[in-house]
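See structure below.
The values are calculated or read from the model by the stated rules, or taken from the named source; none is laboratory data. Being a predicted model, the structure only gives us computed values, none of them experimental. Here the Cβ positions follow ideal geometry from the backbone for every residue, glycine too, while neighbour counts run over all protein chains shown.
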């Protein structure tokens, strides 16, 4: 096996392992600076194992709800697609989505869906846009609740501990909120309203055209037709009211499961946290990770600061972050790495099945003639 073939076959799995090792090093380095790691690991030995299992179960259920929500949206454009067959490419694509900042890895899932289960790229893209914006709207609602209840408590506690940090937390949360709000509104207009999208395309083309004639040509020949196909796919989704209702309901259920997962994780280590505070921490952390293109690091720092402001023991904070991130993100990446092994085999089986069907049809035609 030559090096080129080796990397082509095992690149994603190697990347997953490197990311997981990097995440481990990051967590342990920062936790060791704040609190001896022995205290953190000691909490795992003393934890209520049942609550940890319950938190894990909620993470897994949330992941499958996300998969089924995606499947429901793309199924009309891929006749004969079963949920069981869709799961493998979904897990691989979702695994990639955890690697890129701003969820950029989700673009990879568009190509994986096309190549593995023949889902049109525009259908996958329309589905991703639909529930990504919907996710942001739901999380923003919880963020507003956090601004009214959880954030004032955190700032009040920090004023007693570190007044400068209290001012920083107040400023940062406002920047995150308004950035996410403006970004969500602007993206919603561009992505959901074709006339606004056309205006955005014309402005983009004028800007690009001044710097690159090749870029202008690419926008005209490739980007614009793809944009029109995307709006066409989105229009089909608009007509499916039952599916749209289902997507809204499952989105809300999915986030409630995520909130409870964090709550149960903290309960396992002996810390009580209200559901509203859990929702606030989760929503602020998510938006911080989206607004700032730094991925896992920003989310971790944000969670640590918020829990510190709620006067949660640093060792419990560290143990909760380790469990939530290594189990949540790690579970996704491991699942993606494992399922990627079967993705090529699945594709080959599907291609072979199609060839046999074509051959059978040709034989039948020959018999008839």
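Can you tell me which of 191, 219, 181 is under 23 Å from residue 111 (Cβ atoms) and under 27 Å from the mean Cα position of the chain (by Cα)?
191
Collect the residues in segment 208-231 that are out of contact with any helix residue (DSSP H, G or I) (no Cβ under 9 Å at 6 or more places or on another chain) and closer than 16 Å to residue 123 by Cα, keeping them in residue-number order.
The one that is out of contact with any helix residue (DSSP H, G or I) (no Cβ under 9 Å at 6 or more places or on another chain) and closer than 16 Å to residue 123 by Cα: 225.
How about segment 311-334: which of its residues are at pLDDT 80 or above, surrounded by fewer than 19 Cβ atoms within 10 Å (Cβ to Cβ), in contact with a helix residue (DSSP H, G or I) (Cβ under 8 Å, 6 or more places away or on another chain) and at negative phi?
314
Give 267, 273 a once-over and let me know the one that is within 20 Å of residue 57 (Cβ to Cβ), in contact (Cβ under 8 Å) with a residue 60 or more places away in the chain and more than 20 Å from the chain's Cα centre (by Cα).
267
Which residue pairs have Cβ atoms under 6 Å apart, sit 6 or more places apart or on different chains, and have a first residue in segment 104-115 that is more than 15 Å from residue 70 (Cα to Cα) and a second that is at pLDDT below 70 and in a helix (DSSP H, G or I)?
105/96; 105/97
Which numbered condition trips up residue 49, out of (1) farther than 30 Å from residue 313 by Cα; (2) modelled with pLDDT of 75 or more?
Result: residue 49 passes all but (1).
Can you confirm whether residue 253 is assigned to a helix (DSSP H, G or I) and either within 24 Å of residue 119 (Cα to Cα) or under 19 Å from the mean Cα position of the chain (by Cα) (or both)?
In short, yes.
I'd like to check something: does segment 270-278 contain any residue that is in a helix (DSSP H, G or I), crowded, with 20+ Cβ neighbours inside 10 Å and either modelled with pLDDT of 85 or more or touching a strand residue (DSSP E or B) at 6+ places or on another chain (Cβ under 6 Å) (or both)?
There is at least one residue in segment 270-278 that is in a helix (DSSP H, G or I), crowded, with 20+ Cβ neighbours inside 10 Å and either modelled with pLDDT of 85 or more or touching a strand residue (DSSP E or B) at 6+ places or on another chain (Cβ under 6 Å) (or both).
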